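To keep things clear, I will list the structure first and then write my remarks on it.
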Amino acid sequence: MKFIATAKIGLESTVAFQLHKLGILDTETLDARVGFSGGYEEMAKALLWLRTAERLLMTVGTFRADTFDSLFEQTKALPWNRYLSPKTRIHVNGKSAKSTLFSVSDCQSIVKKAIVESLKASYRVNTVPETEEEVIVEVGILRDEVTLALDCCGAGLSRRGYRTYNVPAPLSETLGAGLILLSRFFPDTPLIDPMCGSGTIPIEAAMIANNIAPSLGRSFAAEQWRFVDPRILASAREEAADLRKNDRLCIMGSDVDPHCIDLCKKHAKKAGVMLDWKVRPVKELSTEWKNGVLICNPPYGERLSDAKSVKALYREMHSVFERIPDWQINVITSNREFESIYGKPADRRRKLSNGGMVCTLYQYNPIRKNRNETL
Ligand SMILES: C[S@@+](CC[C@H](N)C(=O)[O-])C[C@H]1O[C@@H](n2cnc3c(N)ncnc32)[C@H](O)[C@@H]1O
């Protein structure tokens, strides 16, 4: 079977890296997605362990279509009865880019009608009552190439379940994990987020360091599929639970806002990780460790904070980070003037997207260690 792990732009390489670590080697990296082949065991592992994928889809069929008739007929010809009973509730999501069929709502309703007709014909019934479990079908059209797939996840994979209280402008959990994987963090590396908000970056780092499967505590749409043996996901879950470590970590989050630190403690408890948290303005940053990885997501001057105070903060960050010259510094922001305000060109820049905003991860002192685990 073919699967597609969707990802934010800039994080595709981290998804392929994690699939390889899971022993899934047959991967194809494209814009915002990574394809791979495998069975339901691979699907279960990917669902539980992918830290930076947004969704996991299982392909039912692909074909070219530039008319509604062709979309209908080719959708109807696919073997839907392998996956859906005559009573399955069918929900169709869709997107289209650079294609002749650009009306997503029309494509969604044509695909739904075609699936219903296909099920009526294969089960020899006149109606499809849709009274049983729901299956989500994704129709994606890119340059007239249609992909029809089943959504294995339900809620997106960023919903780990530990972040129940929100601060303004939190990072998604998948992007938080992505920043860590792009930073060359290793389980024994000290890590600091000096503007940690709701705690996403330190908590994701702790889950990586202690080999905690990010989605261990949640359920997936695929668990309701009648054609998948439930023991497959159950045993992948058990295996993931056994792999969890409980090491003491050198990971710290701090923020100037005491309310944020209260939330961080609650989120870390829910995620089952023990970390150090501190109410502290960035100007008071200090550490006993000579080197490590600092990752931060400061206000951008768009949603939080005004442009003037953001400029002052970025300048202050530079003078503070100069005090820890052996640390790798990673700053994500959408502010295009970041480097000139900060006062130093980055050694490496990576384009990412955060909540629909184009952002850059500015990296200083990228660590050039080779532990066979680097991206
Ligand atoms: C964009 S939010 C970080 C969100 C966080 N990454 C998350 O996932 O929840 C920026 C954070 O910077 C903090 N902050 C702003 N100025 C600060 C300063 N001078 N020192 C420390 N923290 C600061 C804010 O309180 C806010 O929580």
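The values are calculated or read from the model by the stated rules, or taken from the named source; none is laboratory data. The structure displayed is predicted, hence computed values, not measured ones. Cβ: placed from backbone, ideal geometry, glycine included. Neighbour counts: every protein chain shown.
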Practice problem: State whether one or more residues within the range 257-274 are away from the ligand (no atom under 16 Å from the Cβ), surrounded by 14 or more Cβ atoms within 10 Å (Cβ to Cβ) and over 18 Å from GLU173 (Cα atoms). | Solution: no
Exercise. Check every one of the strands (runs of 3 or more DSSP E) wholly within the range 1-114 and list those with 1 or more residues that are of a type in the set (Ser, Thr, Tyr), at pLDDT below 95 and under 19 Å from the mean Cα position of the chain (by Cα).
Key: 27-30
Self-check item: Flag for ARG226 being more than 15 Å from the chain's Cα centre (by Cα), away from the ligand (no atom under 15 Å from the Cβ) and in the same structural domain as GLU288 (by TED's automatic domain parsing)
Solution: no
Exercise. Of all residues in the range 193-222, count the ones that are among the charged types (D, E, K, R) and either surrounded by 18 or more Cβ atoms within 10 Å (Cβ to Cβ) or within 14 Å of the ligand (Cβ to nearest atom) (or both).
Key: 2
Quiz prompt | the range 140-163 - residue that is part of a loop (DSSP other than H, G, I, E, B) and of a type in the set (Ser, Thr, Tyr) and, of those, nearest to LEU175 (Cα to Cα) | solution = SER158
Exercise. Inspect the range 166-183 for any residue being within 13 Å of the ligand (Cβ to nearest atom), among the hydroxyl-bearing types (Ser, Thr, Tyr) and in contact (Cβ under 8 Å) with a residue 12 or more places away in the chain and give the result as yes or no.
Key: yes
Quiz item: If we keep just the residues of the range 184-218 that are small (Gly, Ala, Ser) and modelled with pLDDT of 95 or more, which is farthest from ARG163 (Cα to Cα)?
Solution: ALA209
